[in-house]
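Below is one structure; the comments refer to it alone.
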Amino acid sequence: MTAITDLGIAGLRDGFRAGDFSAREIADAFNGAVAGAKALNAFIIETPDHAIAAAEAADRARAAGELLPLSGVPLGIKDLFCTAGYQTTAASRMLGGFTPTYESTVTAKLFAAGAGMLGKLNLDQFAMGSSNETSAFGNVVSPWRRNDGGNAALAPGGSSGGSSSAIAARIVPAATGTDTGGSIRQPAAFTGIAGIKPTYGRCSRFGIVAFASSLDQAGAMAQDVRDSAILLEAMSGFDPKDSTSLDVAVPQWEANLSSDLKGKKVGIPKEYRVDNMPPEIDALWKQGIEWLRDAGAEIVDVSLPHTRYALPTYYIIAPAEASSNLARYDGVRYGLRDLPEGANLQEMYAATRAAGFGPEVKRRILIGTYVLSAGFYDAYYTKAQKVRALIARDFEEAFRQVDVLLTPTAPSAAFALGEKSADPLEMYLNDVFTVPASLAGVPAMSVPAGLDGQGLPLGLQIIGRPLDEQGVLNAGLAIEQRAGFTAKPQNWWAK
Amino acid sequence: MSVDAATVRKIASLARIAVTDGDVEAMVPELNNILGWIEQLGEVDTDGVAPLAAVIPNHQRLREDVVTDGNIRDKVLANAPQAEHGFFAVPKVIE
C-alpha cells in the first residue's frame, strides 16, 4: 500500500472521503515527516497543532456529511503569507517574532476550505533570491543530489524553496508559493514538481508581505498538474481588500482538465533559444514540442522580440517597488527596532534597517532608491515601464496566433549552494525564462519533464493568455502524461 | 551612469540604511555592475510608447464611504517594539 505521505492533494482528499484513513491519520503522518526532516531546513516554524485541529474538524465534518473541498488535506504555507497567531517573518530578521493579528486572504480561503497548516516554509529573504541563500534562517537544501556520488548540497530554487523542497521530499502534499519573477516556477523545475503562477489579480495579495506589488502573485505548488489545479482553485477569487484583485469568477479548473489539445496552437518563441543553453535542456524542449504535437496541438514558431530586455526591465521595476514597499520597516510599528544609545528617530530608522535587512535586500532597496531618485526617474523607471509595455505587447501579439507558449523553465538544472552567490548578476540571469510572463501578468506554470545527465529534474514552462489558466493546465497535463516523470530523490534526510 | 562612494552614501541615507565605509566600498562596484547591465534598455526604441500602468486591464473600484474597520487598537499595537499608553513610542523628536 502507498504510504499516506506519498499521496498528493487528490489522493488524500479522495482516500479520506472513501474512508481509507482519517484526517487525523493524515495529519499525524505528515507532522511526523516534517519533524523528521530538519536537515532540509524547509520550515521556519512547524505548526502541528494547526494541522491536528483542522484534521479533527475534518473528521467531524466527514461524520456529519459536511465535507469541504480540502477537508483532510494539510498544506505547507510559504512564510510570506500572514497567518493570525503564527509567526510570519518573510525569512528576515526584520520580522523575527512578528505574529500577525490578521489572516492573509489566501490562507483564510484555504483554511475555510478545510485545509490545515503543517508549518511556515522557508524562503529567500522578502522573496528576493533564486536559491534560498538570502534567508536569515539558513538556506533550504534540496532533497535532490547529483548522481556523481558526491554529496554537494543543491539549491531548491527560490524564492519558494522551502515549498519546493518540502513537496519534493514528500513531507507536505502541496504548498502555497508566491511568484514575482519566477519564484514558483524555477523552484518547481529544480525539484521535479509542478507549480503555477496564475494571471496577475487572480489571487488576493492582502496579507502577503509585499515585495514588488505590480508583479507579486500567489500560486500553487504540488506534485502534479491536477493537484495544482485543485489548490489554485481554493486560493483564487475576488477580494475587495486588494485593489488589483480581479472581480471575475473562478473557473472549475480541476473538473475541466483535459489533455486533448486538438485544435490548439502552441507557440515556440525563438528568442528563448539562448546562448550557452545546455544541450539537454534544448533536447527536452524539442521533446516537449513532440509531446504536445502528439496531444493534438499544432506547433507554430513565434517571436517575442523584446525578450532579452525583460531581465534588465525587471531589475529596475522590482527594486523600485521594493524600495517603496519596504519603507514600512521603520522599527516603530512592528518588527525589529535597533535603538543605539542616544540615537534620535532618524538614526533609529537607519540602525534598524541596517540590522534587519540582509545584503540582497539592501542591494535592491539601494538600486530602487537610486532609479527613483530625482534626475534619474525618467531614465530608469519610466524607460523600464515603457519597455514593459512592449514586452506585454509581444505576448498580446503572440496570443493572436497561438493559445499557449512552450519554453524551458530555467536555463540550468539546480546548481550547488554557494555556486552563484558571489555574483548577484549571475544569480539574476537564472530567471531569464520566467521573468517575461511576470512582467506581462500572464499565467504560467512549470511541469517536471525529465532528468539531466546528473539525475537532476528539468522543467518545461507553459505560458498562457490572461485568465486562461485552464489552457496552461491542460497543456501541462498533456506533457505530464507523456513525460511519465516518476523520479524521486533518495531519502537521506529522514531521522 | 555610474555611482561613486558619495552617491552610495546619499542613496543609503535616502533609504534610511546605516552603512559603514566597508559597506560602501563593497557596494560601489556591485551597484555599478548592475546599473551598467540595466543600461542596455537604452537600445530599445520607446518613442511614442506609453509607460505600462496595469498589466491586466482592471477598473478602479469605489466603495461606500462607510466605516468598515476600527476599534482594534490593541491588535494594531500588538507587534510594536515599544507601545505606551495606547500609542507607538519613539525617541524624542522635538528638542
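The values are calculated or read from the model by the stated rules, or taken from the named source; none is laboratory data. All values reported here derive from a predicted model rather than from experimental measurement. Here the Cβ is made from the backbone with ideal geometry for all residues, glycine too, and neighbour counts use every protein chain on show. Side chains are part of the model used for accessible areas, which takes the heavy atoms of the whole protein and leaves out ligands, DNA and RNA. Shrake-Rupley method; radii C 1.70, N 1.55, O 1.52, S 1.80 Å.
If the condition is being surrounded by 17 or more Cβ atoms within 10 Å (Cβ to Cβ), over 27 Å from the mean Cα position of the chain (by Cα) and more than 7 Å from chain B (Cβ to nearest Cβ), then the stretch A:350-368 contributes only A:Thr352.
Filtered by the rule that a residue be of a type in the set (A, V, I, L, M) and over 17 Å from the mean Cα position of the chain (by Cα), the stretch A:71-94 gives A:Val73, A:Ala84, A:Met94. The one condition from (1) surrounded by fewer than 15 Cβ atoms within 10 Å (Cβ to Cβ); (2) over 21 Å from the mean Cα position of the chain (by Cα); (3) at the interface with another protein chain (Cβ under 8 Å from one of its Cβ atoms) that B:Ala54 does not meet is (2). Suppose the filter is under 18 Å from A:Leu429 (Cα atoms) and surrounded by 13 or more Cβ atoms within 10 Å (Cβ to Cβ); does A:Pro251 pass it? Taking the combined requirement at face value, the residue does not satisfy it.
Between B:Asn32, B:Asn71, the distinction of being more than 8 Å from chain A (Cβ to nearest Cβ) and at pLDDT below 95 belongs to B:Asn71 only. Figure legend. Inter-residue proximity from the stretch A:70-88: first residues without any contact (Cβ under 8 Å) to a residue 24 or more places away in the chain, second residues open to solvent by 10 Å² or more (accessible area, probe 1.4 Å), beta-carbon distance below 6 Å, spacing 6+ or different chains. Indicated pairs: A:Ala84/A:Tyr102; A:Ala84/A:Glu103. Of the residues A:Ser324, A:Ser259, A:Ser303, A:Ser236, the single one that is out of contact with any Pro (no Cβ under 6 Å at 6 or more places or on another chain), of a type in the set (Ser, Thr, Tyr) and surrounded by fewer than 16 Cβ atoms within 10 Å (Cβ to Cβ) is A:Ser303. For B:Asp4, the test of being surrounded by fewer than 12 Cβ atoms within 10 Å (Cβ to Cβ) and either at the interface with another protein chain (Cβ under 10 Å from one of its Cβ atoms) or under 20 Å from A:Ala355 (Cβ atoms) (or both) is failed. Looking at the stretch A:178-197, can you tell me whether even one residue there is buried (at least 24 other Cβ atoms within 10 Å of the Cβ), away from chain B (no Cβ under 14 Å) and under 30 Å from B:Leu62 (Cα atoms)? Yes, the stretch A:178-197 contains at least one residue that is buried (at least 24 other Cβ atoms within 10 Å of the Cβ), away from chain B (no Cβ under 14 Å) and under 30 Å from B:Leu62 (Cα atoms). Of the residues in the stretch B:10-26, at least one is assigned to a loop (DSSP other than H, G, I, E, B), facing chain A (nearest Cβ under 7 Å) and touching a Lys or Arg at 6+ places or on another chain (Cβ under 6 Å).
Quick one: would you say A:Leu339 is within 7 Å of chain B (Cβ to nearest Cβ), open to solvent by 30 Å² or more (accessible area, probe 1.4 Å) and at negative phi? Yes; evaluated as a whole, the condition is true for this residue. Residues that are of a type in the set (D, E, K, R) and surrounded by fewer than 24 Cβ atoms within 10 Å (Cβ to Cβ): does the stretch A:214-225 have at least one? Yes. For the condition crowded, with 24+ Cβ neighbours inside 10 Å and assigned to a loop (DSSP other than H, G, I, E, B), A:Pro143 qualifies. Scanning for something in contact (Cβ under 8 Å) with a residue 60 or more places away in the chain, open to solvent by 10 Å² or more (accessible area, probe 1.4 Å), of a type outside the set (Ser, Thr, Tyr) and more than 13 Å from A:Phe433 (Cβ to Cβ), does the stretch A:306-319 turn up at least one residue? The answer is yes; a qualifying residue exists. When the residues of the stretch A:288-309 are narrowed to those that are under 25 Å from the mean Cα position of the chain (by Cα) and within 12 Å of A:Leu405 (Cα to Cα), which ends up nearest to the other protein chains (Cβ to nearest Cβ)? Per the stated criteria, the residue is A:Leu304. Kindly establish whether B:Glu39 is open to solvent by 60 Å² or more (accessible area, probe 1.4 Å) and either modelled with pLDDT of 95 or more or not in a helix (DSSP H, G or I) (or both). Criteria not met by B:Glu39.
In the stretch A:100-113, the residues that are under 17 Å from A:Ala54 (Cα atoms) and within 14 Å of chain B (Cβ to nearest Cβ) reach residues that are outside any helix (DSSP H, G or I) and not aliphatic (A, V, I, L, M) with C-beta atoms within less than 7 angstrom, at least six apart or across chains, in these pairs: A:Glu103/A:Cys82; A:Glu103/A:Thr83; A:Glu103/A:Gly207.
Okay, residues lined up against (1) open to solvent by less than 10 Å² (accessible area, probe 1.4 Å); (2) not small (Gly, Ala, Ser):
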{"site": "A:Glu426", "(1), (2)": "no, yes"}
{"site": "A:Thr434", "(1), (2)": "yes, yes"}
{"site": "A:Gly441", "(1), (2)": "yes, no"}
{"site": "A:Val447", "(1), (2)": "yes, yes"}
{"site": "A:Leu456", "(1), (2)": "yes, yes"}
{"site": "A:Glu469", "(1), (2)": "yes, yes"}
{"site": "A:Val472", "(1), (2)": "yes, yes"}
{"site": "A:Trp492", "(1), (2)": "no, yes"}
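Residue-level analysis places A:Glu347 among those that are within 9 Å of another protein chain (Cβ to nearest Cβ), assigned to a helix (DSSP H, G or I) and either surrounded by fewer than 18 Cβ atoms within 10 Å (Cβ to Cβ) or polar (S, T, N, Q) (or both).
With respect to A:Val404, is the statement that it is farther than 19 Å from B:Trp37 by Cβ, facing chain B (nearest Cβ under 10 Å), open to solvent by less than 20 Å² (accessible area, probe 1.4 Å) and in contact with a helix residue (DSSP H, G or I) (Cβ under 9 Å, 6 or more places away or on another chain) true? Answer is no for this residue. Here A:Ser71 meets the list (1) more than 24 Å from A:Gly237 (Cα to Cα); (2) away from chain B (no Cβ under 14 Å) almost entirely, failing just condition (1). The set of residues from the stretch A:369-387 being open to solvent by 50 Å² or more (accessible area, probe 1.4 Å), facing another protein chain (nearest Cβ under 8 Å) and either in contact (Cβ under 8 Å) with a residue 60 or more places away in the chain or closer than 20 Å to A:Leu215 by Cα (or both) comprises just one member, A:Lys386. Within the stretch A:391-401, the residues that satisfy the criterion of being of a type outside the set (Phe, Trp, Tyr), within 11 Å of another protein chain (Cβ to nearest Cβ) and buried (at least 18 other Cβ atoms within 10 Å of the Cβ) are A:Ile391, A:Ala392.
Out of A:Val332, A:Val361, one residue alone is touching a strand residue (DSSP E or B) at 6+ places or on another chain (Cβ under 9 Å) and either at pLDDT 95 or above or under 30 Å from A:Asp394 (Cα atoms) (or both). It is A:Val332. Applying the condition of being farther than 24 Å from A:Leu473 by Cβ and of a type in the set (D, E, K, R) to the stretch A:407-432 and asking which residue is nearest to the other protein chains (Cβ to nearest Cβ) yields A:Asp423.
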